[in-house]
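Worksheet: one structure, shown below.
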Amino acid sequence: VACLLVASTFALPASGDAATAGEAWSVRVVGSLILQAPADSAELLDGLARGAERLLPRIEARLGLHPAAPYRILLIPPSAGAAGGRRDLDAVAPAWAAGYLFPERRIGAIRIGLADRYPWSDPLSVLVHESTHMLLHDASGGGLPRWFEEGVATGMERSWGVRDVLVYSSSLLVGRLPGLQEMDAAFEASEEQARAAYAASFDFVHWVARRRGEGALGAVALEARDRPFAEAWERVIGEPLSRSERSWRHDSLLLYRWLPALTGTATLWMSITALALLAAARRRARDRAILQRWSDEEGDTGPGTP
Ligand SMILES: [Zn+2]
């Protein structure tokens, strides 16, 4: 459904090492990224490490940002039972988050079983998303607006696509477009509001990047280290944030709300939305079936069965 950028005020295990203590873990190092997975998930780990080698340098080049120090991402396979310090870490993030990062602690995780949920598409996209949060934190020293963080992180992991149009247009058909100021609260609200906030922040950041280039996004994060975000924005983008927002709202509402309505494609959008809801219901049913099967297997076989 969404990712969580976790505030450092949450109670956490005393150190990052506590998260993997007492378990066998495989490790791959890609630049500043230390990827870790339970020893029986080495194949998955290798695949992600290869993807990270290919993609992370590109993300850094696109934003003009680099990690300030090593950081760790843990892979949590769907079948892995959380244990020890990792359970403590994982318990802090909401159950629906496909990935999360504690930027101050330089540690995060990917829940492989949730990685195809919006706004993500697969484990590698979650990895890029969380790594982008790390880059933005290192550039700015923290404290960026949530909509900016999520818009940039989602924009780095993939291009604006059909799924985004679907989520965004359907949220505009049934509700109003929240202002950037309100959007930060929406990430913490209901699942539905969070989805809409991801899509809207992605659309805004994408809109800005088309006009000023992706490097401008990294430059805003760097400028925000020394001054309030709104001042950093104006220095880099060349106009006040409120003016950028007004222009974007005008363009975006026209394209994603009024155009479908005016051209008579609203019915089409409604049908697509209904299909999406149906798919979500199917997914929930499948998840329930998997959970049921796991609990049956546990009951049937006990530990140590090959
Ligand atoms: Zn995020």
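The values are calculated or read from the model by the stated rules, or taken from the named source; none is laboratory data. These figures come from a predicted structure and were not determined experimentally. Every residue, glycine among them, receives a Cβ derived from its backbone with ideal geometry; neighbour counts consider all protein chains shown.
Anything in segment 139-151 that is within 15 Å of the ligand (Cβ to nearest atom), over 14 Å from A197 (Cβ atoms) and either in a helix (DSSP H, G or I) or touching a Phe, Trp or Tyr at 6+ places or on another chain (Cβ under 6 Å) (or both)? List them, or say none. I'd like the intermediate steps shown before the answer.
Of segment 139-151, the ones within 15 Å of the ligand (Cβ to nearest atom) are 140, 142, 144-151.
If we keep only those that are over 14 Å from A197 (Cβ atoms) as well, we get 140, 142, 144.
Selection gives S140 alone.
Can you confirm whether A194 is modelled with pLDDT of 80 or more, of a type in the set (G, A, S) and away from the ligand (no atom under 11 Å from the Cβ)? It would help to see each step written out before you state the result.
Values: modelled with pLDDT of 80 or more: yes; of a type in the set (G, A, S): yes; away from the ligand (no atom under 11 Å from the Cβ): no.
The answer is no for A194.
Please list, ordered by first then second residue, the pairs with beta carbon atoms under 7 Å, 6 or more apart or interchain, first in segment 138-152 and under 18 Å from Y100 (Cβ atoms), second of a type in the set (S, T, Y) and in a helix (DSSP H, G or I).
These pairs meet every condition: W147/S201; E150/Y198; E150/S201; G151/S201; V152/T132.
Return only the number of the condition from (1) surrounded by 18 or more Cβ atoms within 10 Å (Cβ to Cβ); (2) at pLDDT 95 or above that L12 does not satisfy.
Only one criterion is unmet by L12, namely (2).
Per-residue answers, yes or no, for (1) more than 26 Å from A209 (Cα to Cα); (2) at pLDDT 75 or above; (3) within 13 Å of the ligand (Cβ to nearest atom):
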site: A69; (1), (2), (3): yes, yes, no
site: R72; (1), (2), (3): yes, yes, no
site: P78; (1), (2), (3): yes, yes, no
site: A83; (1), (2), (3): yes, no, no
site: L89; (1), (2), (3): yes, no, no
site: A97; (1), (2), (3): yes, yes, yes
site: E104; (1), (2), (3): yes, yes, no
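Can you pull out every residue in segment 22-62 that is outside any helix (DSSP H, G or I) and among the hydroxyl-bearing types (S, T, Y)?
Taking segment 22-62 as the starting set, the residues that turn out to be outside any helix (DSSP H, G or I) are 22-38.
Of everything in segment 22-62, those that are outside any helix (DSSP H, G or I) and among the hydroxyl-bearing types (S, T, Y) turn out to be S26, S32.
Could you grab me the full set of residues in segment 108-124 that are buried (at least 22 other Cβ atoms within 10 Å of the Cβ) and outside any loop (DSSP other than H, G, I, E, B)?
Of the residues in segment 108-124, the ones buried (at least 22 other Cβ atoms within 10 Å of the Cβ) are 108-112, 119-120, 123.
Hits for segment 108-124 are G108, A109, I110, R111, I112, P123.
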